[in-house]
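Only one structure is covered here, and it is reproduced in the block below.
The values are calculated or read from the model by the stated rules, or taken from the named source; none is laboratory data. Quick caveat, the model's predicted, so the values are computed rather than measured. With ideal geometry, Cβ positions are generated from the backbone for all residues, glycine too; neighbour counts draw on all protein chains shown.
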Amino acid sequence: MILKRLGALALAVILIGGAWIIRDRVIDDNGGSSDDDPPRADREIVCVSDLGEACNAVAEALEIEIEIEDAATTLDALAALEDPSEAPIWITIDPFPAMVDNLREIGRLPALAHTETHVASSPIALVALVDRASALTAACGNPLNWQCVGDAAGSSWEEIGGDASWRDVRPAFAPIDSAIGLLGVADAVSGYFGSRQITTNDLAFTRWASDLAEAVLTSSRPTVSAIATIQTRSSALDIAVGAKAELSATAVDRFALQYADPMIRADVVVVVPEGASTPSGLTDELAQFLEARGWDSPVTEPNPLPQASEMFAIREAWKGFL
Amino acid sequence: MTRRRWFTVAVVASVAVTACAGSDDDADDPGGLTDADPGDCITVDMAVSSEKIALLTELAEEFNDSDEAEIEEGCVFVRPYSKASGGAAQLIVDGWPNPEANGTRPVIWSPAASGWAGIVNERAGTELAPPGTPFMLTPLVIALPQPMAEALGWPDTPIGFADIVELANDPEGWASLGHPEWGPFRLGKTNPNYSTSGLNFTIAEYYAATGKTRGLTTEDLNRPEVIEFATNVESAVVHYGDITMTFLNNWFATDVRGTSLTYASAVAVEEKSVIDYNLGNPDGVLAAGETPREPRVPLVAIYPSEGTLFSDNPFIILDTEWVTPEQKVAAAAFEEYVQRPENQAKVLEFGFRPNNPNVPLADPVSAANGVDPNEPRAELEVPSPEVLVRILDAWAEQRKEARVLLVLDISGSMGELATDSDTKLDLAKEAAVSALDQFKDADEVGLWVFSTDLGGDDPNYREAVPVAPIGENGADLEREILAQFPTNGTPLYDVTSKSYAAMLETYDPEKINAVVFLTDGVNDDGNLGDDDDQFDDLIAQLQSGSEGASSRPVRVFTISYGDGADVVTLRAIAQATSAAHYDASNPATIQQVFTAVISNF
């Protein structure tokens, strides 16, 4: 009898203890908390402007603060940061974390130890009205040859088999200080060379890129996203370069997506500095929102991007052309 | 959303409503929230272009009452009010003087187009208006009554600025297209110093003159053939003005009488205005009790084949000395709010195109309302700020000349004090003298003063300065205006009739012919018994001269001054000549009102 009671007591302890463990480990990890308090971040959270809508939605859902700023602004701040313990959690797009490492190495500052969680992915695409996309494919192939696209930029559509009433070929990128803006230009540059191995001081390339930049100046320059601009105001530009996911599901009938070779991707990552932890549910909320907006699951294959150091060269060269 | 989240939202919302009480008092005010009490909240005053005041008022009211208006720094209270883009641009450069008359100094400025920010920064020599994020779009179109558009080949034939210009310059007018009954081609266009539609049309005019679609330079503007082209276009203008609503309201009023086709042939407006007009709400603001009525003759939007310009409605948080860091943070909270998809859907309800790609273009931007969601196909490049400023200077020289008779009330009531030291007449004289600077030398201006018992051939008025080029008589005008003093009664009907008749008799088809009539009273000529007949005869006289294919339009712009003026009569007089009535019931605003009136020339 005593043994039976002891057995029942032991079972009760196990059940109660198990319930506590389940509550702590399972419920809390899924976004709830024992006190119903909102999840808290022990670090500032910064998000690139390209993902501003997603980050605002996550901030509202989790009742947390997320600062939105251009990728280049955070990059410069992190590159010069003296105290690694002040590094924020950064919701960004590859290869910006590697670019921070590269800049800190050049500046002889210690690397910012961190972990990265890949959240979503979307290939860099060229978006155009269906009729213009057909003309572009006929002239520049499929996948698109960026050297051909760059040569056509600024000249008449009629010259590449399009309609004269479309006038000049006007490509556009997001601002170069944004993550997708830089990836778009990197897409053009790697497309020109046909690989991730690029040489920005090549004379023929410099001439080609300078002409492309001049043609870009004829488009109404988007303040955030070229693909968003072409959807709301298709008369402002002809070819918008950005992440495929930026094309709204409601616009797929009017616009066509094209890709270059090599096809590079915008990979969304959450960068967590060593010693920091993310508010529970942040990564899941972000992934769910991005999926609903057309982003793909994270891709594990290598992204054929130029090296981090070359991304700087591309950024600086492009700024010089503009 | 969890139950706890709902509870939090409810609590925060209730706190926000309590802390920001006052907005509900103004819920029915379509003109903005300028008089709303912000309580202890951070006040964010917002100057917005007139065509979007109804939308911004609604969004601000919802925001002020929401938990989004609760930020770390406290609660936020946004107060939009209407201000013409060009007027606000100059005020920002000038440090926004006299807020009582000009409106409170704004934290947020939302002109109709980003180009205005460039003009402000170019004129100020520093960046007072940083780049703002557009939050809705609407293209510049040329609105034509449908029968006229069809006569030009719409909808099958593309129509461009060049076609409009050719017709405007054809001495046969509409007769060249088989419609002599429509008379000459009459173009409605606002003053580019004040209105975005006017600015954008003027830019397009210079592009058409050069054959370019981008890269307009200051050198282009100085070429003789470009100057001649622009001068010819301007010669077809009916009159100018600070807002497009004047044209739309006049068009609508003449539509009621079945004479809209002879008021104006085409007006440069934003696409949104065509939608409003065809829905029976020409100024886009439905006053309490006003019921929309579809026009007899609908308008159609022509998207010029050369390309057009967009009004992108930027949300600009000003970087001026009167904007605090706290207000900038508060303004950013409202900016984030208006960009949300649910609020961008509201943008569409008001006839604008959303700037959020997740809100697809749909009704009312549809063919049923005279517009085409698949247009425009091409855009003209917005010129550099330097070129924009030069365009405004060039326009001042090339605009249509005016013949204007200023008719000034000097009745006894004008001697009442408007401030501690100035009478109403003192303020009106000061404003009238300032306004003279807005004319160009070739404009012809004259002055009549009116009251009773003034002596002379006609005791009801005196011709103080005959109509002549202001380059010659400017000093006389200034001296005579300043010499006036209050006298007797207000023979309003008689002098309106005589001043109108005098200008009609000397009508010059090459110029804008107009009377500017300022009065603070009601008709008071010593004989009450014939007032009704006098009024009916006056309106009949004004209408008969202003309508029809061969009309010689003399516009009578009326200003009701002070709180004793007969607003109803003055409105009727202005409407009878398809002009506009201006309200200066607060005498402190007379300077701004005079500026607005003179913007018609």
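Do we find a residue being farther than 24 Å from residue B:567 by Cα and of a type in the set (D, E, K, R) anywhere in region B:485-508? Within region B:485-508 (the criterion being farther than 24 Å from residue B:567 by Cα and of a type in the set (D, E, K, R)), the answer is yes, since at least one residue qualifies. Within region B:455-473, the set of residues being of a type outside the set (S, T, N, Q) and crowded, with 18+ Cβ neighbours inside 10 Å comprises B:461, B:462, B:464, B:465, B:467, B:470.
Give B:589, B:569, B:558, B:496 a once-over and let me know the one that is buried (at least 24 other Cβ atoms within 10 Å of the Cβ) and in a helix (DSSP H, G or I). Step through it out loud before you land on a result.
Details: B:589 fails: buried (at least 24 other Cβ atoms within 10 Å of the Cβ); B:569 fails: buried (at least 24 other Cβ atoms within 10 Å of the Cβ); B:558 fails: in a helix (DSSP H, G or I).
Result: B:496 is the single residue among B:589, B:569, B:558, B:496 that is buried (at least 24 other Cβ atoms within 10 Å of the Cβ) and in a helix (DSSP H, G or I).
Scanning region B:296-314 for residues that are in contact with a helix residue (DSSP H, G or I) (Cβ under 6 Å, 6 or more places away or on another chain) and not in a loop (DSSP other than H, G, I, E, B), we see that the one that is surrounded by the fewest Cβ atoms within 10 Å (Cβ to Cβ) is B:300.
Among the candidates B:386, B:349, B:397, B:375, single out the residue that is out of contact with any Cys (no Cβ under 7 Å at 6 or more places or on another chain) and within 14 Å of chain A (Cβ to nearest Cβ).
Details: B:386 fails: within 14 Å of chain A (Cβ to nearest Cβ); B:349 fails: within 14 Å of chain A (Cβ to nearest Cβ); B:397 fails: within 14 Å of chain A (Cβ to nearest Cβ).
When all the criteria are applied, what remains is B:375.
Could you tell me whether residue A:232 is in contact (Cβ under 8 Å) with a residue 24 or more places away in the chain, within 14 Å of chain B (Cβ to nearest Cβ) and in contact with a strand residue (DSSP E or B) (Cβ under 9 Å, 6 or more places away or on another chain)?
No.
Go through region B:510-534 and give me each residue that's under 28 Å from residue B:601 (Cβ atoms) and either among the polar types (S, T, N, Q) or part of a strand (DSSP E or B) (or both). Answer for region B:510-534, where residues must be under 28 Å from residue B:601 (Cβ atoms) and either among the polar types (S, T, N, Q) or part of a strand (DSSP E or B) (or both): B:512, B:513, B:514, B:515, B:516, B:517, B:518, B:519, B:523.
Scanning region B:320-346 for residues that are within 11 Å of another protein chain (Cβ to nearest Cβ) and touching a Pro at 6+ places or on another chain (Cβ under 9 Å) gives B:341, B:344. When region A:252-279 is filtered for residues that are of a type in the set (Gly, Ala, Ser) and buried (at least 20 other Cβ atoms within 10 Å of the Cβ), the ones remaining, listed by number, are A:260, A:266.
Candidates A:305, A:322: the one that is surrounded by 16 or more Cβ atoms within 10 Å (Cβ to Cβ) and among the hydrophobic types (A, V, I, L, M, F, W, C) is A:305.
Got a sec? Which of B:464, B:483, B:540, B:475 is within 28 Å of the chain's Cα centre (by Cα), farther than 24 Å from residue B:236 by Cα and without any contact (Cβ under 8 Å) to a residue 24 or more places away in the chain?
On the way: B:464 fails: within 28 Å of the chain's Cα centre (by Cα); B:483 fails: within 28 Å of the chain's Cα centre (by Cα); B:475 fails: within 28 Å of the chain's Cα centre (by Cα).
Residue meeting the stated conditions: B:540.
Scan region A:101-124 for residues that are under 14 Å from residue A:274 (Cβ atoms) and hydrophobic (A, V, I, L, M, F, W, C) and report the count. Residues that pass the stated criteria total 3.
Flag: residue B:327 matches the condition of being at pLDDT 95 or above, assigned to a helix (DSSP H, G or I), surrounded by 16 or more Cβ atoms within 10 Å (Cβ to Cβ) and polar (S, T, N, Q).
Can you name the residue in region B:39-70 that is part of a strand (DSSP E or B) and among the charged types (D, E, K, R) and is also surrounded by the most Cβ atoms within 10 Å (Cβ to Cβ) among such residues?
First pass over region B:39-70, keeping only residues part of a strand (DSSP E or B): B:42-48, B:70.
Going one step further and asking which of them are among the charged types (D, E, K, R), we end up with B:45, B:70.
Working: B:45: 25, B:70: 18.
Within region B:39-70, the match that is surrounded by the most Cβ atoms within 10 Å (Cβ to Cβ) is B:45.
Kindly evaluate residue A:150 against the criterion of being under 24 Å from residue A:137 (Cβ atoms), in contact with a helix residue (DSSP H, G or I) (Cβ under 7 Å, 6 or more places away or on another chain) and away from chain B (no Cβ under 14 Å). Against the criterion (under 24 Å from residue A:137 (Cβ atoms), in contact with a helix residue (DSSP H, G or I) (Cβ under 7 Å, 6 or more places away or on another chain) and away from chain B (no Cβ under 14 Å)), residue A:150 qualifies. When region B:486-530 is filtered for residues that are more than 19 Å from residue B:409 (Cβ to Cβ), of a type in the set (Ser, Thr, Tyr) and more than 27 Å from the chain's Cα centre (by Cα), only B:506 remains. With respect to the conditions (1) part of a helix (DSSP H, G or I); (2) away from chain A (no Cβ under 14 Å); (3) buried (at least 22 other Cβ atoms within 10 Å of the Cβ), residue B:268 falls short on a single one, namely (1).
May I ask you to verify whether residue B:466 is in contact with a Gly (Cβ under 7 Å, 6 or more places away or on another chain) and on the phi < 0 side of the Ramachandran plot?
On the way: in contact with a Gly (Cβ under 7 Å, 6 or more places away or on another chain): yes; on the phi < 0 side of the Ramachandran plot: yes.
For residue B:466, the condition - in contact with a Gly (Cβ under 7 Å, 6 or more places away or on another chain) and on the phi < 0 side of the Ramachandran plot - is met.
Please determine whether any residue of region B:354-363 is within 26 Å of the chain's Cα centre (by Cα) and more than 8 Å from chain A (Cβ to nearest Cβ). No: region B:354-363 contains no residue that is within 26 Å of the chain's Cα centre (by Cα) and more than 8 Å from chain A (Cβ to nearest Cβ).
Tell me yes or no: at least one residue of region B:430-444 is without any contact (Cβ under 8 Å) to a residue 40 or more places away in the chain and over 21 Å from residue B:591 (Cβ atoms). Looking through region B:430-444, at least one residue is without any contact (Cβ under 8 Å) to a residue 40 or more places away in the chain and over 21 Å from residue B:591 (Cβ atoms).
Look at (1) more than 10 Å from chain B (Cβ to nearest Cβ); (2) touching a residue at least 60 places away in the same chain (Cβ under 8 Å) and you find that residue A:227 fails only one, number (1). Of the residues screened, residue B:141 is not one that is over 30 Å from residue B:296 (Cα atoms), surrounded by 18 or more Cβ atoms within 10 Å (Cβ to Cβ) and aliphatic (A, V, I, L, M). Only residues that are farther than 18 Å from residue B:269 by Cβ and of a type in the set (Val, Ile, Thr) were counted in region B:150-190, giving 1.
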